[in-house]
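Read the structure below first, then the notes.
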Amino acid sequence: MLSAALTAAADDAQKVKLTTSRAAGETMTIVVNATRAGVTVDWGDGTPVSYVPERFGGLQEITGTLAGSTVTIESAKGLNTLVAEDCDLTAADFSAAPLMRSIYLQHNQLTSFSVSNLAVLRDLNLADNAITSLTLSTTKQPLIETLDLSGNAFTTTSFAYATTNLRYLNLADNQYKTLTISKAADLDALIVSGNQLSALGLPGNISLLDARDNNVAKITMPPAGMVKMQQCLLDDNELATLDLSASAALNTLTIARNGATSVVLPAKAKLQVYDCSENALSFGSLPTKAYAPTVYFAYAPQAELDITNCGLHAGSWGSNYLPWLLMNPDYANRQKAEYVLDLTPHKDGSATNSVVMNFYAIVDGQPQLLKKASATDKEQDYSNVSGKVTMLKEFADVYIEMTDPAYPDLVITTNHFASINAAQEGIEAVVTDAASDNTAFDLQGRRVEAVREGLYIMGGKKVIVK
């Protein structure tokens, strides 16, 4: 029995060796968990100094004067936590400390670190070192809950450690291009800012996502959406769309400088912070007035709004090579599909039909405000019926400015287009079958091999292909 007791005691003994670049005579501070047995620390001269805490169960801070470059920490029993932050460490050896649960070595000079024997490790912080590689195994280290590897120099560009125990993962400011964490089903916080990720596949329980300053063009979410998401930071990526409609708990969203054309917020968003500036959004992607963010809201400027897919014909009309819309020859035809520019997706902002649309034509090089027609004044320039627009006159260059009284700092300008009069321009046919046998030329006289929607010259006539 005595032999068994001695073996158990030996198994509980822990030894850690830390190498520092600090000179002898300087001080160094470490923190360990406070145990009844306490620890001994050899500050580099071969003489262990005993440190027994006054109280047990918390943390014990220990400061000593260096006598050499290698510091040895030993405990007969119970040592499971070590904090050696900002100690100028160049090496850390835990090979004789297999029972360590929490290791915090951030802000040092480590170039390598081994966890090969740390089977019960829960918390590992190696942030802001110069580590080039780290081998983590889901079978050998299955219990890690918090992992911070930010600000290192990893040569690998893929990261694939994920277990159901992982709760916090920080990989910021590295060079990762791919990330595989689908098995981290209970991950609460994911921080991957400052990498080279082009896509993100997310598990469903994340409440904090920080993926700023990447190349992310696609985020794959669980079918139910990110229902627990509270903070979502996506500035400086390449997202075209973002759907957070299922994230009812969302309070912070930043998606500035993405080029996004659509952001879908929860129906009754209770945002405190929202920055969607420097994208290509219309007012429909902004929260309604009743749900405006309470702390910080940045929504301007926005890039030119491309309305080509709202009914414009992609083409190269006139000297400016603009997309175009057939002029409506009769006010009575203002609902006729072939003349309609459908801007209904952009008519609502802070309220239904709250967006004011002002139409301008470039005349003699200057913008000229156009006039809206009505049932009592049908001879004006355009009609607008709840976002369905027709142009009643011919203009070589038209654009629209959109405003909403709830967003005084934002004027959204559309791309330019032409309103063309089919009769005056000599357009003699509308062809619905693009596969015409006639040889087709564009308006610059170049032969077109594949005819798509647009305006062409066929058989010496101007023809619209629809």
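The values are calculated or read from the model by the stated rules, or taken from the named source; none is laboratory data. Remember, predicted model here, so these are calculated numbers, not experimental data. When we count neighbours, we look across all protein chains shown, and the Cβ atoms used for this are built from the backbone with ideal geometry, even at glycine. Each accessible area value is taken on the protein alone, full model and side chains, heavy atoms only, with ligands, DNA and RNA left out. Shrake-Rupley method; radii C 1.70, N 1.55, O 1.52, S 1.80 Å.
Brief remarks on what is shown
- Selection of trypsin sites (Lys or Arg not before Pro), the range 288-339, meeting DSSP coil and at most 16 other Cβ within 10 Å: 336
- Apportionment of accessible area to carbon and sulfur, the range 222-360, percent (1.4 Å): 50
- Taking a point 7 Å from the Cα of residue 21 along the Cα-to-Cβ direction, the residues of the range 138-171 with backbone N closer than 20 Å to it are 150-155.
- Net +/- balance of residues flanking residue 205 in space, Cβ distance below 10 Å, scoring K and R +1, D and E -1: 0
- Simple Cβ-charge dipole of the range 287-403, Lys/Arg +1 and Asp/Glu -1, about Cα centre, in debye nearest 20: 380
- Taking a point 7 Å out from the Cα of residue 238 in the direction of its Cβ, none of the residues of the range 171-194 has a backbone N less than 11 Å from it.
- Just the protein heavy atoms count here, and of the accessible area of the range 39-165 at 1.4 Å, carbon and sulfur take up 48 percent.
- Calculated [θ] (222 nm, deg cm²/dmol) that DSSP helices of n ≥ 4 give over the chain, each run adding -39,500 (n - 2.57): -500 deg cm²/dmol
- Approximate spin-label separation residue 86-residue 132, in nm, with each point projected 7 Å along Cα-to-Cβ: 2.8
- Length gained when the stretch residue 156-residue 423 is fully extended (0.36 nm per residue, less Cα-Cα span): 89.7 nm
- Label-point separation in nm, residue 139 to residue 77, each point 7 Å along Cα→Cβ: 3.4
- Sum of side-chain charges, residue 83 neighbourhood, beta-carbon under 12 Å (Lys, Arg +1; Asp, Glu -1): -4
- Contour minus Cα-Cα distance for residue 52 and residue 289 (0.36 nm per residue): 79.2 nm
- Spacing of the two label points (7 Å from each Cα toward its C-beta) at residue 338 and residue 95, in nm: 8.4
- Dipole of the range 135-251 [Lys/Arg +1, Asp/Glu -1 at C-beta], most positive-end residue of 150, 181, 233: 181
- Restricting the range 16-65 to GluC sites (Glu not before Pro) that sit in a DSSP loop and have at most 16 other Cβ atoms within 10 Å of their own Cβ leaves 26, 54.
- Theoretical FRET efficiency, 1/(1+(r/R0)^6), r = Cβ-Cβ of residue 320 and residue 411, R0 30 Å, to 0.05: 0.90
- Whole-angstrom gap from the range 105-169 to the range 174-233, using each part's C-alpha centre: 18
- Solvent-accessible area of residue 111, all protein chains in place: 80 Å² (probe radius 1.4 Å, heavy atoms, ligands and nucleic acids excluded).
- Relative contact order of the chain, taken over Cα pairs closer than 8 Å and 6 or more residues apart, is 7 percent.
- Angle between the chain longest axis and helix 2-12 axis [Cα atoms, degrees, rounded to 10]: 40
- Within the range 26-91, trypsin sites (Lys or Arg not before Pro) in DSSP loop having at most 10 other beta-carbon neighbours inside 10 Å: 55
- Full-extension gain in nm, residue 182 to residue 111, via 0.36 nm per residue minus C-alpha separation: 22.7 nm
- Local electrostatic count at residue 67 - Lys and Arg +1, Asp and Glu -1, tallied over other residues with Cβ under 14 Å: -2
- Partners for residue 347 among lysines (Cα-Cα distance below 29 Å; same-chain residues under 8 apart left out): 218, 268, 270, 289, 336, 371, 372, 378, 388, 393, 466
- When the square roots of the Cα gyration tensor eigenvalues are ordered a ≥ b ≥ c, the ratio a/c for the range 306-392 is under 1.5, which makes its shape rounded.
- Cβ-placed point charges (K, R +1; D, E -1), dipole of the chain about Cα centre in debye, nearest 20: 1000
- Rolling a 1.4 Å probe over the heavy atoms of the protein chains gives the range 322-415 an accessible area of 47 Å² per residue.
- Rounded, prolate or oblate (a/c below 1.5 giving rounded, otherwise prolate when a/b exceeds b/c) for the range 106-213 by Cα gyration tensor: oblate
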